[in-house]
Amino acid sequence: MTDNYVPEIDKVTSDYYIACHYFPGWNVHPNGYSAFADIVDFPERTPLIGFYDEANPEVFDRETKWACEHGINCFIYCRYRNFPEKMKSPITQWVLTPQSWKELLTEVKKTADSLPESALGRKMVILDNWNEWCEGHYIAPHRAGGFKYLQAVREVFTKCDNFPDYRLPQSLGLGPYDKNIKADAERIWYSF
């Protein structure tokens, strides 16, 4: 990689395979609509890299770096139709603090470790969710929680034998990935 791209991954060692649910809907559609328009009223949900277009390979490489450096080995993709009328709700589905998240992960690890040696669940854990910004459950770095949810995954499931890179792309002269969602949100929203 060149100096003007996402830095190399410093992968952490783990005895577990950690997968994380990933919603691949954060792109700008041909009509100009972005699902980020649905969360502009919830600034705490703003991803630390901004309202990005995931069709940009640099964005996905950045997210992969953050995931791998915290013990997440792969993403499991879902695809479904968004229903914009339900996304304007202020109700957050998932309200775990980073500490509560870590406690839950510790219980999950205890359960996994108690399974028979030959059980897949002894070594594989599936987390929900990397980036369901609209639904209100996400562990990707964001304004309200920073990297704390990822740090909990790393602390519970890995050997912590790496040095995660907590620099934001902007500090490295990369990006910006922000799309002008707020300016377009009302125009696009009322076109439905």
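The values are calculated or read from the model by the stated rules, or taken from the named source; none is laboratory data. As the structure is a prediction and not an experimental result, all values here were calculated from the model. Reconstructed Cβ throughout: ideal geometry from the backbone, glycine too, with neighbour counts over all protein chains shown.
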Residue pairs qualifying under the 9 Å Cβ cut-off, at least six apart or on distinct chains, with the first in region 116-129 being without any contact (Cβ under 8 Å) to a residue 60 or more places away in the chain and the second being acidic (Asp, Glu), are Arg122/Asp113
Query raised in the report: Quick check: is even one residue across region 95-107 modelled with pLDDT of 90 or more, more than 23 Å from Tyr177 (Cα to Cα), over 18 Å from the mean Cα position of the chain (by Cα) and of a type in the set (S, T, N, Q)?
Result: yes
Those residues of region 96-135 which are part of a helix (DSSP H, G or I) and polar (S, T, N, Q) amount to Gln99, Ser100, Thr106, Thr111, Ser114
Restricted to region 30-44 and to residues being among the hydrophobic types (A, V, I, L, M, F, W, C), modelled with pLDDT of 80 or more and outside any loop (DSSP other than H, G, I, E, B), the residue farthest from Arg143 (Cα to Cα) is Phe36
Selection over region 136-166 where residues are in a loop (DSSP other than H, G, I, E, B) and either in contact (Cβ under 8 Å) with a residue 60 or more places away in the chain or buried (at least 19 other Cβ atoms within 10 Å of the Cβ) (or both) yields a count of 16
